[in-house]
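The values are calculated or read from the model by the stated rules, or taken from the named source; none is laboratory data. What you see is a predicted model, and the numbers here were worked out from it, not measured in a lab. Reconstructed Cβ throughout: ideal geometry from the backbone, glycine too, with neighbour counts over all protein chains shown.
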Amino acid sequence: MVNHENEFETLFQINELIKACIHTNPKDGIKWGMRSLEWVSSKKVVSVEMANIYNSIGSCFLKLGLFTPSIEYYQKGIKIFNDLDLLPQIAWTNISIGNVYFKNKLFNLAGSRYKKSLNIFLELNDTNGIALTNLNLGLIANELGEKQKANKYIEESFQFRKNNEIPFIRAETYYYYGVQFKKNNDIDNAILNIKKSIEICEKVCEEDLISKYIYQLGLIHFDLQYYQEAKQYFKKCVQFSDVFYQINSKIKIAEILFFEEHHTKAKDNLLSALSLAKEHNILEIQLEINEKLRIYFENNLQYQISNLYLKNIIKIKDSLQNASIIESITNSEILLEIKNWSHQLELKDIQVSQKNTVINYWILAFTLGVSLLILIIKIYQSEKRHSNYKRKQEQKLHLKNMSLIEKENQNIIDQLEIRRRDLTSKSLDIIENDKFLSAIEKQIDIFKNTNSSKVNFIKTMHTIISSRKKHVNYWYEFQLMLVEIYPEFEEKLKQRFPTLNQNDIQLCGLLKLGFSSKMISEIRNVSIRAIEQHRYRLRKKMALDKNKKLPEILNEI
């Protein structure tokens, strides 16, 4: 697994190295940048640090005065920032490109870049960015002679900068206004603003800025011919570590001493400045100091020493010319090497693009396969849902039918219950009728015993009533009810017990209807003992076990 965090750390370190080369050795910075881009291309890493490397390479080209490649690499950085939607970085890179155009006096192109940055800073409410872009737009308007517009932009810049929390920004703002006041010959305000810058920097120990501001105060007093005040400021600059201001301050002190006719002290300051310039190999300043010393010794009629400085001047000019030629050749070599690197990067990009195409085809195939699988799953789920819905509907219909059947069964049970009650009622009527007839018969017996004159009549009546009781057959009605309540009972009974006769079947039917032996004896007009004996014989015919009850067996049929 690729550790992207380590790669980003490496890119960050490389970018810091390139930025360190911008002011010291921009050529090495470009070489480091190109090698890092080649490494990044092989790793297929696109990140903020990669865009920062492009910007650092652009700054190295700008330092070398190669404006076209500088803009080209800044734009490559902007493209990555655009892809990553990093608005602050886009704005600051646009300012860098605007600075390149400004140095080439392409003020319209520079203004276009600054305005793009300003819009982004306004959206982000970045006061530092707003202040800087307004200042740059003011400088462009000033160069184009649009004084009113320039003052407007600069005033807006000042409003955003003067309350800034970062000290050096406030200090730089006051310094800029001081320089502008100086250009407009408003010396008092110029000195006042630059002194404010010094006060701010002294609080936070910004030594480099302090030396710049003090040097500027020395120049202002020098131009006004306030030589004593100017000399004091230049002497302060010499005490700081900045070599540029040390050397230039000593030169200015020498010029003041020449005006004051202190030629020996002036010469000593020039020689001290020359020593520093040689130590740091600053040829342009060496040329200036040698020229001043040549004039000094020539004025003092020391021609031999003057000629030595003249020879030094010629050597320095030759060195500068050779350095310019070498610089030009080196820049050409760098540009050629850059083209080769760019070509190699393009080839690698083509190879990566081809690989990406193959990968994209595989991804497309995989996506289609997954989509097809998802479609199949969805169809299956849809079918399953439809099947479940259909099954639920069938279950609902089944439950509905079962409910109807239960209702019908309940109706049948209710009707059977009604029939059973009717049958019981009829049975009770029969029993009561039988009792009634028995009572009449009993009365007739009484009359027979007491009224002998009517014996024949009474005998006849007794015979008729007995005959009626004996021959009245209630079984027919009971049989109809039995068939209505238990339609298949008699047929199943005969199939199971074929030896039963009609009298046995009648007894079984009455027992099935729930009549007791007593009720059956009254219905059949026989004694209870006769019914019990009949039940005993019936059990034998049916071959029933002693543990089984006859009504239970009949209820099973």
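As a summary of the residue check, Tyr245 satisfies the conditions (1) within 16 Å of Tyr175 (Cβ to Cβ); (2) part of a loop (DSSP other than H, G, I, E, B) except for the one numbered (2). Report yes if some residue within region 82-91 is under 21 Å from Ser59 (Cβ atoms) and without any contact (Cβ under 8 Å) to a residue 24 or more places away in the chain; otherwise report no. Scanning region 82-91, I find at least one residue that is under 21 Å from Ser59 (Cβ atoms) and without any contact (Cβ under 8 Å) to a residue 24 or more places away in the chain, so the answer is yes. Of all residues in region 270-289, those being more than 60 Å from the chain's Cα centre (by Cα), modelled with pLDDT under 85 and among the polar types (S, T, N, Q) number 1. Put simply, of Asn193, Asn119, Asn189 the only residue that is part of a helix (DSSP H, G or I), without any contact (Cβ under 8 Å) to a residue 24 or more places away in the chain, crowded, with 20+ Cβ neighbours inside 10 Å and among the polar types (S, T, N, Q) is Asn193. Any residue that is assigned to a loop (DSSP other than H, G, I, E, B), within 28 Å of Arg419 (Cβ to Cβ) and of a type outside the set (A, V, I, L, M) - is there at least one of those in region 547-555? Checking region 547-555: at least one residue is assigned to a loop (DSSP other than H, G, I, E, B), within 28 Å of Arg419 (Cβ to Cβ) and of a type outside the set (A, V, I, L, M). Looking at (1) surrounded by fewer than 17 Cβ atoms within 10 Å (Cβ to Cβ); (2) part of a helix (DSSP H, G or I); (3) at pLDDT below 80, find the lone condition where Asn164 falls short. Only one criterion is unmet by Asn164, namely (2).
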